[in-house]
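The values are calculated or read from the model by the stated rules, or taken from the named source; none is laboratory data. These numbers come from a predicted model, not from an experiment. Positions of Cβ are generated from backbone atoms using ideal geometry, with glycine treated the same way; all protein chains shown enter the neighbour counts.
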2 protein chains.
Amino acid sequence: MTQSAKGALPTITDVANHAGVSRATTSRALSNYGVVNAATRARVLESAAELGYVPNVLARSMRAGSTHTLGLIIAEVGLSVFDLAMRSVIESARLEDYQVLVTNTNEDLRAERTSVRVMLEKQVDGLIVVPSSVDELEFLSKADLKGKPVTLLDRSLDSLGIASVTADNLQGTRDAVEHMQALGHTKIGLIVVTANLSGETGERPAGLITTIHDRVEGYYRAMADAGIDIDPAWVRYCGDADESATQAVNTILDAENPPTALIASNANMSLAVLRVAKKRGLVIGDDLSLVGFDDAPWAAVLTPALTVVDLPIEQMAKAAVDNLLAQIRNPDAEPTSVVLPTRLLIRDSVRDLSTA
Amino acid sequence: MTQSAKGALPTITDVANHAGVSRATTSRALSNYGVVNAATRARVLESAAELGYVPNVLARSMRAGSTHTLGLIIAEVGLSVFDLAMRSVIESARLEDYQVLVTNTNEDLRAERTSVRVMLEKQVDGLIVVPSSVDELEFLSKADLKGKPVTLLDRSLDSLGIASVTADNLQGTRDAVEHMQALGHTKIGLIVVTANLSGETGERPAGLITTIHDRVEGYYRAMADAGIDIDPAWVRYCGDADESATQAVNTILDAENPPTALIASNANMSLAVLRVAKKRGLVIGDDLSLVGFDDAPWAAVLTPALTVVDLPIEQMAKAAVDNLLAQIRNPDAEPTSVVLPTRLLIRDSVRDLSTA
DNA sequence: AGTTGCAATGAGATCGATCTCAACAATAAG
DNA sequence: CTTATTGTTGAGATCGATCTCATTGCAACT
């Protein structure tokens, strides 16, 4: 039999036999490495084409010790930012000739762990991770990763010396607060999302992921810098379930001295504010001002169009891929952290109180 | 040296040496296949744990001829439906213990081709594809796929005998039209998106992807069944660029006898209608009625909330994975086509003309 | 004691490609 | 005519795990 079992893909041995040369020569001809007689090469290429030969990259990878595959683990899910991040990472990797093995784990820490393990077993060359929490990340330590490089996306974790790409959320919230202040607002509220919180609370929970932590921190600092005393009732923390968020917004609006403007710490929180406002008959940009995070495709279409702090997701994803590839190509280099600027997109959801 | 080169992952040979048994026995102990003495197994497991052994699935796959990896190729991009589809496929696969290698190709046919090739080279066990076009799909033929099974998602292609999972778009549009008619509308327009069209036109282009084709077809049939003569000016075809869509909506609204209600053939078209309406000062659900496709997270939050034909994306994705796995597990079975029902989510964007 | 049966293990082939090294032929140089 | 050089090729090892098959040791039975 010229070719192995029926239905099986032709191997390099089949091509070699068909062309009447050895496997070694065939390999040289196909991979364009080493010297091969021009006529021989032509014959081999012809045989390969005729048999419909498709190289088995698994075998090559095993020999080479590299798979040209990256692992992408996204813990949080259901937000357009992360969908976009996922796509952008895949696209950026493709342009560098890397494929991406993707897992999303919906904030299940155990799934996150096993995902890392599965990816290591599949011999990815490196990992891009958006973890659900900053605690208990020891499974991303050097030892547990068997030396494979990681880059965190939209999260940082300086303590472990892990590379990361984030946006400047601190400045982002600052911009939002200052924009509101410039339009005459002083009573500015903040609604903060945080995983694994079922209800809502005014207490700042420990272990906020860095992204959210920085947004909260930026708020407090900007308010302090402006000399505004924050009424504790203006700030609420809630889980990411719709009801939890809705309730938090209600609590804020029911306060004795409610804020005139709200900052929503992510797109889901913006939606929650919009939902509550709609239900209460409050007109955004008039009765209640709002600045959101993440420029989702619908933000500009709302009436009024939503002012948002936009994150450069695509650039972040590309930076993460570049960062990871840099680590892969130069394993001895120190992991680096990249922080990209956010951009305040001013639209119509913050009312100008100064002219009123 | 007990262990191979520094930095390299320990192999089964390392574990075998450490435990003082052969590779064969180690393999048996670790994979729980075949008989091994209980004490020996314990010793092997202990050694594996001590060395931090992570199996090299590449090697196993090469031997087994199966990688437990599916390929997902999504041509269209930038719509929340496909983001959700991507996530759902990954999630469904994970529950079946399969990983997913993802590519998105942004409607570039060449990229689509090379993606298929790359996935075959990486020895995926099967492919789920959302192609950008129904023409020129010969690269998805049995021969070109080397016998690997495929399932099309949100597209069908009965001519080639390829398995597929789609939604009942025909009935979906029908439901939309009938809903509008029930509320007194007869002048119903349709705005259709189609790839690689730069401007907009009233002519029905050839080679519409099945999804869109069925939506158009459903519209014509429902109108015919209701005995309504369609003014050609009510139907416009456009590309998926924002300007192209915007222009198409404008053309429809500028018609001599403009429709009172519009059906948008996908979420981007809905956004286009909303944009134009906003610019013209038309209030949706009052001056102009609208039904969209795909229940994006923002649809319900709009004022008025958008009535949409909802596709069961998550079920479709799961069905696609199931369908593909069925083909993988039973290669001789005939490829099947699955059609899932859509659901009309009635909200407030269609005005009731009958009471006016 | 001799034979059979069974449990436990190891030696070696195998998957498909790559890479090292040696072999060989043809040509050039001495 | 011999030796060195260059160009071209093939044999065989290798990557890491699995699987087949043969071997060993020990207990049980006649």
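Check segment A:21-34 and report whether any residue there is more than 10 Å from DNA strand C (Cβ to nearest atom) and at pLDDT 95 or above. Yes, because at least one residue in segment A:21-34 is more than 10 Å from DNA strand C (Cβ to nearest atom) and at pLDDT 95 or above.
Results for (1) more than 14 Å from the chain's Cα centre (by Cα); (2) surrounded by 20 or more Cβ atoms within 10 Å (Cβ to Cβ), shown as yes or no for each residue.
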{"residue": "A:Arg60", "(1), (2)": "yes, no"}
{"residue": "A:Ile74", "(1), (2)": "no, yes"}
{"residue": "A:Phe82", "(1), (2)": "no, yes"}
{"residue": "A:Val89", "(1), (2)": "no, yes"}
{"residue": "A:Tyr98", "(1), (2)": "yes, yes"}
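Contact map, segment B:13-39: first residue within 16 Å of B:Tyr53 (Cβ to Cβ) and more than 14 Å from chain A (Cβ to nearest Cβ), second residue near DNA strand C (Cβ under 9 Å from one of its atoms) and part of a loop (DSSP other than H, G, I, E, B), Cβ cut-off under 7 Å, separation 6 or more or different chains; pairs are B:Ala16/B:Ser22; B:Thr25/B:Val36; B:Arg28/B:Gly34; B:Arg28/B:Val36; B:Ala29/B:Val36. Report whether or not B:Val57 is of a type in the set (A, V, I, L, M, F, W, C), more than 10 Å from DNA strand C (Cβ to nearest atom) and more than 13 Å from every other protein chain (Cβ to nearest Cβ). Spelling it out, it is not the case that B:Val57 is of a type in the set (A, V, I, L, M, F, W, C), more than 10 Å from DNA strand C (Cβ to nearest atom) and more than 13 Å from every other protein chain (Cβ to nearest Cβ).
Among the residues of segment A:64-73, write down those that are within 10 Å of chain B (Cβ to nearest Cβ) and either at pLDDT below 95 or in a helix (DSSP H, G or I) (or both). A:Gly65 - this is the single residue of segment A:64-73 that is within 10 Å of chain B (Cβ to nearest Cβ) and either at pLDDT below 95 or in a helix (DSSP H, G or I) (or both). One residue stands out in segment A:26-42 among those that are over 17 Å from A:Arg60 (Cβ atoms) and surrounded by 11 or more Cβ atoms within 10 Å (Cβ to Cβ): the one that is farthest from DNA strand D (Cβ to nearest atom), namely A:Ala42. For segment A:249-356, the strands (runs of 3 or more DSSP E) that sit wholly inside it and include 2 or more residues that are under 20 Å from the mean Cα position of the chain (by Cα) are A:289-293, A:307-310, A:337-340, A:343-345.
For B:Tyr220, the test of being free of Cβ contacts under 8 Å to residues at least 24 places away in the same chain, within 17 Å of B:Ala264 (Cα to Cα) and of a type outside the set (Lys, Arg) is passed.
Whether a residue is facing chain A (nearest Cβ under 9 Å), at pLDDT 95 or above and either under 18 Å from B:Val150 (Cα atoms) or out of contact with any Pro (no Cβ under 9 Å at 6 or more places or on another chain) (or both) was assessed, and B:Arg87 passes this test.
Residues that are hydroxyl-bearing (Ser, Thr, Tyr) and not in a helix (DSSP H, G or I) within segment B:23-41 comprise just one, B:Tyr33. Among the residues of segment B:249-265, are any in contact with a Ser or Thr (Cβ under 6 Å, 6 or more places away or on another chain), under 28 Å from B:Val89 (Cβ atoms) and either not assigned by the TED database to the domain that holds B:Ser88 or not polar (S, T, N, Q) (or both)? Within segment B:249-265, one or more residues are in contact with a Ser or Thr (Cβ under 6 Å, 6 or more places away or on another chain), under 28 Å from B:Val89 (Cβ atoms) and either not assigned by the TED database to the domain that holds B:Ser88 or not polar (S, T, N, Q) (or both). Look at segment A:92-105: where a residue is more than 8 Å from every other protein chain (Cβ to nearest Cβ) and a partner is assigned to a loop (DSSP other than H, G, I, E, B) and hydrophobic (A, V, I, L, M, F, W, C), sitting 6+ places away or on another chain with Cβ atoms under 8 Å, you get A:Thr105/A:Ala75; A:Thr105/A:Val77. Return yes or no: is B:Tyr53 within 13 Å of DNA strand D (Cβ to nearest atom), buried (at least 21 other Cβ atoms within 10 Å of the Cβ) and outside any helix (DSSP H, G or I)? Yes. Evaluation of B:Gly78 against the conditions (1) away from DNA strand C (no atom under 16 Å from the Cβ); (2) without any contact (Cβ under 8 Å) to a residue 60 or more places away in the chain; (3) under 23 Å from B:Val321 (Cα atoms); (4) out of contact with any helix residue (DSSP H, G or I) (no Cβ under 6 Å at 6 or more places or on another chain) shows that the sole unmet condition is (2).
You will find that of A:Glu112, A:Glu96, A:Glu121, the residue that is in contact with a Ser or Thr (Cβ under 8 Å, 6 or more places away or on another chain) and not polar (S, T, N, Q) is A:Glu112 and no other.
Based on this model, can you work out whether A:Asp286 counts as over 28 Å from A:Gln99 (Cα atoms), of a type in the set (Asp, Glu) and at pLDDT 95 or above? So A:Asp286 fits the description; yes. Report yes if some residue within segment B:168-191 is closer than 16 Å to B:Asp135 by Cα and either outside the structural domain of B:Ser265 (by the TED database) or touching a helix residue (DSSP H, G or I) at 6+ places or on another chain (Cβ under 9 Å) (or both); otherwise report no. Checked segment B:168-191: no residue is closer than 16 Å to B:Asp135 by Cα and either outside the structural domain of B:Ser265 (by the TED database) or touching a helix residue (DSSP H, G or I) at 6+ places or on another chain (Cβ under 9 Å) (or both). Go through the residues of segment A:221-243 one by one and say whether even a single one is modelled with pLDDT under 95 and assigned to a helix (DSSP H, G or I). Looking through segment A:221-243, at least one residue is modelled with pLDDT under 95 and assigned to a helix (DSSP H, G or I). Report, ordered by the first and then the second residue, all pairs with beta carbons closer than 6 Å, sequence separation of six or more or different chains, a first member in segment A:274-291 that is within 11 Å of chain B (Cβ to nearest Cβ), and a second member that is part of a loop (DSSP other than H, G, I, E, B) and among the small types (Gly, Ala, Ser). Within 6 Å, the pairs are A:Ile284/A:Ser349.
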